[in-house]
1. Being of a type in the set (D, E), at pLDDT below 85 and surrounded by fewer than 10 Cβ atoms within 10 Å (Cβ to Cβ) narrows it down to one of E59, E9, so name that one.
2. Return a yes/no flag: does the range 150-161 have any residue that is modelled with pLDDT of 90 or more and of a type in the set (S, T, Y).
3. Is it the case that I85 is within 30 Å of L171 (Cβ to Cβ) and either of a type in the set (F, W, Y) or modelled with pLDDT under 85 (or both)?
4. For the range 67-101, enumerate the residues that are small (G, A, S) and either surrounded by fewer than 18 Cβ atoms within 10 Å (Cβ to Cβ) or free of Cβ contacts under 8 Å to residues at least 60 places away in the same chain (or both).
5. Please work out which residue is surrounded by the most Cβ atoms within 10 Å (Cβ to Cβ), limiting yourself to the range 123-159 and to residues that are closer than 12 Å to I95 by Cβ and hydrophobic (A, V, I, L, M, F, W, C).
Amino acid sequence: MAEEEKTGEQTAEAGKSKKFPPLVIIVVLILFGLILSGGIAFFITTQMMGGGASANGGEVKHHDPGVFIKLGDAKEGMIVNVGGIKASRFLKVGIVMELNPEKEEVVKEGKLVPMAETKIMDSTLQILRTVKIEELDANKQDDLKAKIKSEVNKALGEGSVYDVYITSFMLQ
């Protein structure tokens, strides 16, 4: 019987030695949570600060601030007959372009060169006149801006337009 008591005590001691105190478990879980949240915060911060992929195909382009030029009338913007001659639909749109200040054939001393202005207006109006009414949907404006940027860059030379912004949009 003495041997049975010894084996019972040994198994009880072995069970106690394998158990961690609840305080140690809590501390380990808290440390794990802090490390995990720190990693997530670091990942989000690097993505927000430009370390991640952007919407333009995964490449991040950094450039000096551009020169912002509003197309058309300063107050009205541009008024264009869209959908063909017989459509009798009009688009009143405000478009602002961010132009590369280093392209002196486009921008001199912060102002648009007249020849470049003519090319920009012609390209933009050509796109707006030929676009179908369905393509003027709010969900497709990013495609419209990309098309305008591409055509103006073809007319002025690649890298002339950084971005295109639509500031107002009314279709009648």
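1. E59
2. Scanning the range 150-161 turns up at least one residue that is modelled with pLDDT of 90 or more and of a type in the set (S, T, Y).
3. Yes, satisfied.
4. Matches in the range 67-101: G72, A74, G83, G84, A87, S88.
5. Among those residues, the one meeting the criterion is V152.
The values are calculated or read from the model by the stated rules, or taken from the named source; none is laboratory data. This structure is a prediction, so every number in the text was calculated from the model and none was measured. Note: ideal-geometry Cβ built from the backbone for every residue, glycine included; neighbour counts use all protein chains shown.
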